[in-house]
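Derivation of every value follows stated rules applied to the coordinates shown; laboratory data play no part. These numbers were taken from a predicted model, which means no experiment stands behind them. Here the Cβ is made from the backbone with ideal geometry for all residues, glycine too, and neighbour counts use every protein chain on show.
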Amino acid sequence: TQKLPFEALSVETLPARLGANEAVTAQIGKDARRWKVREVGDGNLNLVFIVEGAEGAVVVKQALPYVRLVGDSWPLPLKRSFFEYHALTRQERRAPGSVPSIHHFDEAQALIVMEYLAPPHIILRRALIEGRQLPNIARDIGLFMARTLFRGSDLHMPTKDRKADLALFADNVELCGITEDLVFTDPYFDAKLNRHTSPQLDGLVAELRADRDLKVEAQRLKHLFAANAETLLHGDLHSGSIMVTDTETRMIDPEFAFYGPIAFDVGMLLANFWMSFFSQRGHEQTEKRDAMRAYLLGVTAETWAVFRAEFSHLWRTERTGMLYHRSLFEDQGDRLGAEQALDHMLHSIWTDLLGFAGIEVHRRILGLAHNADFEAIADENLRATCEAKALKFGRHIAVNRRQIHGIDEVNNLAARIEQES
Ligand code: ADP
Ligand code: MG
Ligand code: MG
Ligand code: MG
């Protein structure tokens, strides 16, 4: 069959366009005229359709040639769908069961047909705003990060394969550019698309933009992000990219996948738990949320502990790449040498993740892409109070990251700042 040029799907055209697609009909049945189609994309970039047929349902995600949030004044390549597809296949291999199953990929139409994560699946961010305590997220996400980040690096992969992957994902230039600008740069000057709760935060925003230590640190982190092509990142691992039930956790939406530092995914993820923590005050009109706050700090501690334990386990059992080769250590009877190197690596992941977490907090309050944790707080004074505490916390952990020695220290700081009036 001849390749048709790209055309955006719509609720109306989808059945006709995908009605003969065997990957789709195998999942949901052939009677396309009776398919029920809904567009549910709540993200910033793409179209997401739920398609229900007589025998089941699938999700069809399609990229658009521009940023959905902004419109066609901001073009963005369709190729992000290609990177999302390839990232999903690698994540499934490296951390089986952690992502939706993929049924079909059409590069020209920039669309991925995947497993529908049906209710009671809910976006993690939503669940946390509702005050729900999910019992498994720390373990599931900690394992996902350790497995994908370790197994996508030169600690594990044959270096030829890793270099081929590095080259493949190096082309994800524009999405990487979004991170480079939106996360590391725009929050710290008067960038055009920035917004913040105003006038309540105006003073603090001016202070942060004049904060030399903070700006230097943000640029050191940007340099690290851009230059340390250590492993295949998810690249957008926030609580809006995770779907959960009480027993299940799935990561979605890795279109920002790129080779970068291990600490980036971990820091971004933990930042989202800390932001949820600081936003709880804005959601507790109906009930006190002390238990939720304690839960969230517990989740950060457990996620980091699970990550460390699994990363260490993989270091001891799957260190098959060219780095820290066994011939230098275990094969000479020197087990401690490998443990010493592991300690160093975990220490630098820790130090860097605090930096990435701190600036992730800032960009979600000062930049273009805000998150619902704070946005859903209708009372602007209350929202600004929550945001101001989070900004202060973010500044502290980014600038002082080399002097902070454990997750309890960070969580104690968060609790102390949260208590301030
Ligand atoms: P974007 O890249 O535009 O952010 P996402 O992949 O994050 O798109 O999807 C947007 C929304 O669509 C998600 O927040 C979720 O509600 C829904 N969604 C995406 N993938 C699935 C899926 N596999 N199953 C169920 N819902 C999904
Ligand atoms: Mg998304
Ligand atoms: Mg996305
Ligand atoms: Mg130190």
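Residues whose amide H comes within less than 5 Å of that of HIS103, counting only those at least five positions distant or on another chain, are VAL113, MET114, GLU115 (H built at 1.01 Å from N in the peptide plane).
Summary of the geometry: region 352-375 and region 310-343, compared by the centres of their Cα atoms, lie 35 Å apart. Considering all C-alpha pairs of region 14-115, those separated by over 18 Å amount to 50%. Rounded to two decimals, the Cα radius of gyration of the chain over 2.2 N^0.38 Å is 1.00. In the chain, Cα pairs under 8 Å separated by at least six residues give a relative contact order of 17 percent. Close amide H partners of TYR259, meaning residues 5 or more places away or on another chain with modelled amide H under 5 Å apart, are LEU233.
Coupling constants for region 323-333 follow from the phi torsions by the Karplus curve (6.51 cos²θ - 1.76 cosθ + 1.60, θ = phi - 60°), and in residue order they are 8, 6, 4, 4, 4, 7, 10, 3, 5, 9, x Hz; glycine and proline get x. This model, with +1 at the C-beta of Lys and Arg and -1 at the C-beta of Asp and Glu, gives the chain a dipole about its Cα centre of some 180 debye. Counting charges near THR148 (Lys, Arg +1; Asp, Glu -1) among other residues having Cβ under 9 Å from its Cβ returns a value of +3.
Scanning residues 5 or more positions from ILE242 or on other chains, those with amide H under 5 Å from its amide H are LEU124, ARG125, ILE252, with H placed 1.01 Å from N in the peptide plane.
What are the DSSP H helices in the chain that stretch 24 Å or more along their long axis, judged by alpha-carbon atoms, and whose average Kyte-Doolittle hydropathy comes to at least 1.0? Answer set is 262-279. Using alpha carbon centroids, what distance separates region 220-249 and region 121-140, in Å? Taking the Cα centre of region 121-140 as reference, the centre of region 220-249 is 17 Å away.
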